[in-house]
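Visitor: So that we are looking at the same thing, I have put the structure below in structure tokens.
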Amino acid sequence: MSAITRFYRGEFWFDFIGRRKIWYLFSGILLAICIISMIVRGFSLGIDFSGGAVFQFPANGHSVEDARGTLSSAGVNPNDAVIQQLETSKQLRVQTPVLTDAQTDAVTKQVTEDFGAKDTDIAVSTVGASWGSTITNKAIEGLVIFLVLVMAYLTFRFEWKMAAAAMVALIHDLVVTLGIYSLVGFEVTPSTIIALLAILGFSLYDTVVVFDRIRENTAGIATSSRRTYAEATNDSLNETLIRSLNTSFIALIPVGSLLFVGAGLLGAGTLQDLALAQFVGIASGTYSSLFLASPLLVDFKQREPAVQALQARVLRARASAARTGAAADATAPGRSTGTAPRVPRLAGAAGEVDAGVADVGEEREPASAGVPRRPGARPGQPAGRGRAAPRRGGGRPGGKRRR
């Protein structure tokens with residue numbers, strides 16, 4: 001059976017919790033790269049956030065350099081402008097900082113002269129700086145309100161430690177997504193904010209599914225000695241692994257189509273802002289739910305006295321079971337002490353017997369078992385001790401025989 005088949009049948013077991021320091025290191029490096037990029041490179045803010053003017057008109061065989069010359073002739077610094085050539089529509093898109101009405105009219109007039117375009121072919125959009133700052137503040141307010149409501153719901157639904165672990169995972173997804181935007185230089189638009197809120201909701205959904213299974217598997221665990229809290233959490237992750245991956249994969253297919261086909265091949269630039277945030281956010285949300293939120297929950301819970309007592313009790317029970325098994329191996333018939341191989345023990349509770357001991361409960365014959373038995377005699381009954389032979393005449397024992 002191949003590894004992929006075993007994986008999708010749920011026969012694959014992975015140690016998420018035991019290797020959590022590796023996931024912490026990887027997440028720390030990724031977050032550091034994203035934060036440095038956001039500080040050094042910054043963001044390419046769209047007109048809705050930074051304010052400015054956007055001119056879109058037919059290229060008519062001209063290039064981006066021609067558009068730079070047009071801006072310079074109109075008295076606008078071309079180095080402050082973002083110029084894109086839209087391959088699908090054969091148009092040029094020029095975004096400039098905030099312009100006065102006179103500068104906007106001068107650019108429009110110069111475009112009609114240099115590119116041979118009509119006034120009706122030039123689409124002009126202007127946004128003031130105050131409007132851009134208002135949109136930015138509203139986006140931040142919406143994000144903060146979303147995180148506060150999520151924290152309150154998780155605290156009420158589960159517990160505050162689960163809520164704290166989920167919040168760390170959400171912030172991780174947010175920073176990673178914004179860092180990717182900074183690295184690739186995609187423009188941040190209102191569609192980006194909408195996509196961020198959407199993927200944070202998706203990440204939260206995946207985390208809640210995992211936490212719900214953890215709560216089921218750890219209910220009443222404080223009175224048990226079978227497994228620790230970390231082991232129960234790891235089992236929960238393995239039980240929900242296939243569901244999480246399948247859900248994420250199905251969600252990534254249409255989003256990837258928007259990003260790579262719609263924005264990449266077809267040149268629909270308005271789709272890339274929405275698709276990139278969703279694609280990165282869904283992938284990061286799946287990773288954080290499995291490799292970050294649950295390991296953090298274990299670290300938070302292991303500081304509780306009840307969880308520490310449970311771990312100590314499980315370790316004592318397993319040590320006692322190991323000593324009992326060693327003693328049983330040493331005294332078993334037909335085995336020489338110190339040379340017999342260890343018999344694998346059953347996985348599970350402490351105190352269970354060795355899996356390889358086959359003679360436990362086996363019925364043995366008494367010492368007289370070697371004596372031949374009559375047909376029908378009970379086991380262990382010799383042939384000479386069966387039923388008394390029938391008497392002739394039916395007389396009583398010791399009586400005289402009738403004539």
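Visitor: Quick check on my filter: what residues within the range 110-125 are more than 16 Å from Ile83 (Cα to Cα) and not in a helix (DSSP H, G or I)?
Guide: Within the range 110-125, Gly116, Ala117, Lys118 qualify.
Visitor: Under the condition of being farther than 15 Å from Ala117 by Cβ and surrounded by fewer than 18 Cβ atoms within 10 Å (Cβ to Cβ), which residue from the range 86-97 is farthest from the chain's Cα centre (by Cα)?
Guide: Pro97
Residues checked against (1) part of a strand (DSSP E or B); (2) touching a residue at least 24 places away in the same chain (Cβ under 8 Å); (3) crowded, with 20+ Cβ neighbours inside 10 Å:
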{"position": "Leu31", "(1), (2), (3)": "no, yes, no"}
{"position": "Met38", "(1), (2), (3)": "no, yes, no"}
{"position": "Phe49", "(1), (2), (3)": "no, yes, yes"}
{"position": "Glu65", "(1), (2), (3)": "no, no, no"}
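Visitor: Which one of Val307, Val314 is touching a helix residue (DSSP H, G or I) at 6+ places or on another chain (Cβ under 7 Å) and at pLDDT 85 or above?
Guide: Among Val307, Val314, only Val307 is touching a helix residue (DSSP H, G or I) at 6+ places or on another chain (Cβ under 7 Å) and at pLDDT 85 or above.
Visitor: Leu183 - would you say it is within 17 Å of Phe279 (Cβ to Cβ) and surrounded by fewer than 18 Cβ atoms within 10 Å (Cβ to Cβ)?
Guide: yes
Visitor: Could you identify the single residue in Gly142, Gly185, Gly201, Gly179 that is on the phi > 0 side of the Ramachandran plot and either free of Cβ contacts under 8 Å to residues at least 60 places away in the same chain or in the same structural domain as Leu252 (by TED's automatic domain parsing) (or both)?
Guide: Gly185
Visitor: If I filter the range 210-220 for residues that are out of contact with any His (no Cβ under 6 Å at 6 or more places or on another chain), aromatic (Phe, Trp, Tyr) and in a helix (DSSP H, G or I), do I get at least one hit?
Guide: yes
Visitor: In addition: Go through (1) of a type outside the set (Phe, Trp, Tyr); (2) modelled with pLDDT of 85 or more; (3) part of a loop (DSSP other than H, G, I, E, B); (4) under 30 Å from Gly179 (Cβ atoms) one by one and return the number of the condition Val298 breaks.
Guide: Condition not satisfied by Val298: (3).
Visitor: Quick check: is even one residue across the range 179-186 among the small types (Gly, Ala, Ser), over 26 Å from Arg19 (Cα atoms) and more than 14 Å from the chain's Cα centre (by Cα)?
Guide: Scanning the range 179-186, I find at least one residue that is among the small types (Gly, Ala, Ser), over 26 Å from Arg19 (Cα atoms) and more than 14 Å from the chain's Cα centre (by Cα), so the answer is yes.
Visitor: Further question: What do you reckon, is Val107 among the β-branched types (Val, Ile, Thr), part of a strand (DSSP E or B) and surrounded by 14 or more Cβ atoms within 10 Å (Cβ to Cβ)?
Guide: So Val107 does not fit the description; no.
Visitor: Could you check how many residues of the range 35-70 are of a type in the set (Phe, Trp, Tyr), farther than 19 Å from Thr120 by Cβ and over 41 Å from the mean Cα position of the chain (by Cα)?
Guide: 0
Visitor: Now a separate question. Taking the range 227-242, which residues are farther than 20 Å from Phe300 by Cβ and either β-branched (Val, Ile, Thr) or exposed (fewer than 14 other Cβ atoms within 10 Å of the Cβ) (or both)?
Guide: Ile242, the sole residue that qualifies.
Visitor: Would you check if Gly18 is over 35 Å from the mean Cα position of the chain (by Cα) and surrounded by fewer than 17 Cβ atoms within 10 Å (Cβ to Cβ)?
Guide: Here the answer is no, as Gly18 does not meet what is asked.
Visitor: Continuing with the same structure: Residue under question is Ile145, and the condition is that it be modelled with pLDDT of 85 or more and touching a strand residue (DSSP E or B) at 6+ places or on another chain (Cβ under 6 Å); does it hold?
Guide: no
Visitor: Can I ask one more? Consider Leu178 carefully, then state whether it is more than 30 Å from Phe12 (Cβ to Cβ), out of contact with any Phe, Trp or Tyr (no Cβ under 9 Å at 6 or more places or on another chain) and surrounded by 16 or more Cβ atoms within 10 Å (Cβ to Cβ).
Guide: Criteria not met by Leu178.
Visitor: Could you grab me the full set of residues in the range 67-81 that are in contact (Cβ under 8 Å) with a residue 12 or more places away in the chain and either surrounded by 17 or more Cβ atoms within 10 Å (Cβ to Cβ) or charged (D, E, K, R) (or both)?
Guide: The answer is Ala67, Arg68, Thr70, Leu71, Ala74, Val76, Asp80, Ala81.
The values are calculated or read from the model by the stated rules, or taken from the named source; none is laboratory data. Everything numeric in this text was worked out from a predicted model, so none of it was measured. Positions of Cβ are backbone-derived with ideal geometry, glycine not excepted, and every protein chain shown enters the neighbour counts.
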